[in-house]
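The block underneath contains the structure these notes are about, expressed in structure tokens.
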Amino acid sequence: MDTKKLNVKGIVRPESKRLMGHPEYVVSIRDYTTYQFKPYGRNSKYFRALAEEKKILATKCKRHGFFLPPRPFCPDCQSPDMEWIDYTNQPAQVKTASICKFAGKAFLDETPFLLGFIQMGEAKTVMSSVVKLSEDSAENTRMLNKLMDTRRYMELNGRKVEPRFISHPQYTVRDIYFIVTDKEWLNTLK
Ligand SMILES: [Zn+2]
């Protein structure tokens, strides 16, 4: 293990309130940043296509149809005989969405953001993805705040969206987001 990664910052000063009047106590300060190792297994094909080809791949069971996010085994019959299909240009819509006002450290700077459940083409399942109202970050935040202030959340349901691929992919679900395409509706939030 690389001990530098333990990143010991020091100890709490004897006069600190954190010692609650017990200056003989010791409190060490460490940065406990952790790493998540996430094996994608057979779904690696999906993340490679997102990052390397800017494509969204679904899987298809001959008997039970399309799945997105892709399932390497059919959830209905457990068959491993799944076909990978390019779903990038399939019509997409928001089924429902949540607005995230607080997040873990990795995404805290991006709040508030919209987390949508996206239905594409004939897929039997929905995929969760960030949904934007504008490509401009400041404008997106203003529009999202207006949506919240006016309590118009339900108007998101059924909105048509299109996928966008980020310029520096990280092989995660965040390599894509969706943007609402209904210009007339978007103008009502400006
Ligand atoms: Zn099946």
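Can you pull out every residue in the stretch 153-181 that is touching a residue at least 24 places away in the same chain (Cβ under 8 Å), touching a helix residue (DSSP H, G or I) at 6+ places or on another chain (Cβ under 8 Å) and not in a helix (DSSP H, G or I)?
R159, F165, P169, Q170, Y171, T172, I176, V180
Please go through the stretch 85-94 and give me each residue that is surrounded by fewer than 13 Cβ atoms within 10 Å (Cβ to Cβ) and within 29 Å of Q36 (Cβ to Cβ), ordered by number. Please lay out each step first, then the result.
As a first pass, look at the stretch 85-94 and keep what is surrounded by fewer than 13 Cβ atoms within 10 Å (Cβ to Cβ): 86, 89, 91.
Scanning the stretch 85-94 gives a single hit, D86.
Among (1) more than 16 Å from the ligand (Cβ to nearest atom); (2) more than 18 Å from the chain's Cα centre (by Cα), there is one condition G116 misses while meeting the rest; what is its number?
(2)
May I ask you to list the residues in the stretch 106-120 that are surrounded by fewer than 16 Cβ atoms within 10 Å (Cβ to Cβ) and either closer than 22 Å to S44 by Cβ or touching a residue at least 60 places away in the same chain (Cβ under 8 Å) (or both)?
Answer for the stretch 106-120, where residues must be surrounded by fewer than 16 Cβ atoms within 10 Å (Cβ to Cβ) and either closer than 22 Å to S44 by Cβ or touching a residue at least 60 places away in the same chain (Cβ under 8 Å) (or both): just A106.
Among the numbered criteria (1) surrounded by fewer than 19 Cβ atoms within 10 Å (Cβ to Cβ); (2) under 17 Å from T172 (Cα atoms); (3) among the β-branched types (V, I, T), which single criterion is violated by T125?
(2)
Of the numbered conditions (1) within 26 Å of T88 (Cβ to Cβ); (2) at pLDDT below 95, K183 satisfies every one except a single condition; which is it?
Single failed check for K183: (2).
Select from the stretch 27-44 the residues that are in contact with a strand residue (DSSP E or B) (Cβ under 6 Å, 6 or more places away or on another chain) and surrounded by 10 or more Cβ atoms within 10 Å (Cβ to Cβ) and list them in ascending order. Quick ask: steps written out before the conclusion?
Restricting attention to the stretch 27-44, the residues satisfying the condition of being in contact with a strand residue (DSSP E or B) (Cβ under 6 Å, 6 or more places away or on another chain) are 28-30.
Residues satisfying the conditions are I29, R30.
Just give me the residues in the stretch 1-38 being charged (D, E, K, R) and at pLDDT below 80, in sequence order.
Filtering the stretch 1-38 down to residues charged (D, E, K, R) leaves 2, 4-5, 9, 13, 15, 17-18, 24, 30-31, 38.
If the condition is that a residue be charged (D, E, K, R) and at pLDDT below 80, then D2, K4, K5, K9, R30, D31 are the ones that fit.
Of all residues in the stretch 66-84, which are more than 8 Å from the ligand (Cβ to nearest atom) and surrounded by fewer than 19 Cβ atoms within 10 Å (Cβ to Cβ)?
Residues satisfying the conditions are P69, P72, F73, P80, D81, E83, W84.
Could you check the stretch 31-77 and list, in sequence order, the residues that are of a type in the set (S, T, Y) and farther than 16 Å from Y177 by Cα?
Our first condition is that a residue be of a type in the set (S, T, Y); within the stretch 31-77, this holds for 32-35, 40, 44, 46, 59.
Result: Y32, T33, T34, Y35, Y40, S44, T59.
Tell me, which residue of the stretch 128-141 that is in contact (Cβ under 8 Å) with a residue 40 or more places away in the chain and part of a loop (DSSP other than H, G, I, E, B) is surrounded by the fewest Cβ atoms within 10 Å (Cβ to Cβ)? Full working, then the answer.
Filtering the stretch 128-141 down to residues in contact (Cβ under 8 Å) with a residue 40 or more places away in the chain leaves 128-135, 139.
Now drop any that are not part of a loop (DSSP other than H, G, I, E, B), which leaves 133-135.
On the way: L133: 22, S134: 17, E135: 10.
Ranking the qualifying residues of the stretch 128-141, first place goes to E135.
Where residues in the stretch 53-65 are within 16 Å of the ligand (Cβ to nearest atom) and not basic (K, R), which of them is surrounded by the most Cβ atoms within 10 Å (Cβ to Cβ)?
Taking the stretch 53-65 and keeping what is within 16 Å of the ligand (Cβ to nearest atom), we get 58-65.
Cutting the leftovers down to not basic (K, R) gives us 58-59, 61, 64-65.
Numbers: A58: 27, T59: 24, C61: 21, H64: 15, G65: 15.
In this case the residue turns out to be A58.
The values are calculated or read from the model by the stated rules, or taken from the named source; none is laboratory data. Just so you know, these numbers come straight off a predicted model, no measurement behind them. Here Cβ is always computed from backbone atoms with ideal geometry, including for glycine, and neighbour counts include all displayed protein chains.
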